[in-house]
Every structure is written in structure tokens, then in C-alpha cells.
């Protein structure tokens, strides 16, 4: 069940591409979300906690981000940029992001993925967002039992 959820989230969010700027939620001086608010996928940042958009929808244009000390579904724990001019394709980006996200998972959580009750997925650029200079990959985690998270999972050992 967890893998189906990951694939669904990635497929739905990847369709959005880079976001256009909006006011978004209130953020503190370090960028942490202070009050819940909606952002486009392109406006997500490392450390953002958010509600999964997958209910019965095929695409997503905005996500609800909220302070991590509130109940949430997922947390962005690592962000990196892909290099290159030509779009490598979703399969290549999936393979690369699986390796990078897994490598950073233990460093962030404090437990190896195989021993953790958390799982990850990656939000990768689409062809359309790549053509708009989006090279950002976001690694996000969630509870394998799909129960809400409370607090950042950084250093949680879960």
C-alpha cells in the first residue's frame, strides 16, 4: 500500500511543475512556516510540513503547508538541484532521486530507512517545469502506517 501512495503522490504533484509566486503562509526569519497556508509545489522549501493532496484527484496545483508542530502528513527533509540542459526523463530522475533521498534519509531521521517507521518519496521536475528552468528535487517523508506526524522528524530516530 505504501508504494502505491508514493507513486500516486509523485504522479499528482509532478504534474504541477514550478509555481508562480504568491504571498503564501507566514514564515519566520529562518523560513519556517508560522501559520498554515497554501503554496504551489514550486514554492515548497526544505523543512516544510504539508498535507498530502491525494484524496481522489489526478492533479494538484497547491498544497497546504503548516507548522511542523501541528499534525501533518509529510515533511520536506532534503532539497537538491539536478544539473544539465536536456531533460533526462522521469525514469532517470526517479532513479537519481531514489538514491539521493535514501542517502540523506538516515542523516536526517537518525535511523536507517530499513529500520524506520518512516518512508520517503521524491518530487521531481516535469518536462514542462524543466523547460521553465526547474531543476529542484524535493525529498519528503511520511509515516509508513499513514498516521499523521507531529513535529519535525529530524533527529527523531523513528
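The values are calculated or read from the model by the stated rules, or taken from the named source; none is laboratory data. If you're wondering where the values come from, they're calculated on a predicted model, not measured in any experiment. As a convention, Cβ positions derive from the backbone with ideal geometry for all residues, glycine included, and neighbour counts pool all protein chains shown.
Pick from 47, 31: which is on the phi > 0 side of the Ramachandran plot and either modelled with pLDDT of 90 or more or in contact with a strand residue (DSSP E or B) (Cβ under 9 Å, 6 or more places away or on another chain) (or both)? Show your work before the answer.
Details: 31 fails: either modelled with pLDDT of 90 or more or in contact with a strand residue (DSSP E or B) (Cβ under 9 Å, 6 or more places away or on another chain) (or both).
Checking each option against the conditions leaves just 47.
Do you know which residues across segment 134-155 are over 15 Å from residue 78 (Cα atoms), surrounded by fewer than 16 Cβ atoms within 10 Å (Cβ to Cβ) and in contact (Cβ under 8 Å) with a residue 40 or more places away in the chain? Hits for segment 134-155 are 144, 146, 148, 150, 151.
So, residue 16, is that one in contact with a helix residue (DSSP H, G or I) (Cβ under 9 Å, 6 or more places away or on another chain), buried (at least 18 other Cβ atoms within 10 Å of the Cβ), under 23 Å from residue 106 (Cα atoms) and modelled with pLDDT under 80 or not? Give the derivation first.
Working: in contact with a helix residue (DSSP H, G or I) (Cβ under 9 Å, 6 or more places away or on another chain): yes; buried (at least 18 other Cβ atoms within 10 Å of the Cβ): yes; under 23 Å from residue 106 (Cα atoms): no; modelled with pLDDT under 80: yes.
No; evaluated as a whole, the condition is false for this residue.
Suppose we keep only residues that are under 16 Å from the mean Cα position of the chain (by Cα) and at pLDDT below 95 within segment 113-128. Which one would you say is farthest from residue 72 (Cα to Cα)? Step by step, filter segment 113-128, then rank; the result is 126.
Hey, among 3, 62, which residue is surrounded by 15 or more Cβ atoms within 10 Å (Cβ to Cβ) and modelled with pLDDT under 90?
On the way: 3 fails: surrounded by 15 or more Cβ atoms within 10 Å (Cβ to Cβ).
Matching residue, one of 3, 62: 62.
The one condition from (1) loosely packed, with under 15 Cβ neighbours inside 10 Å; (2) at pLDDT below 95 that residue 110 does not meet is (2).
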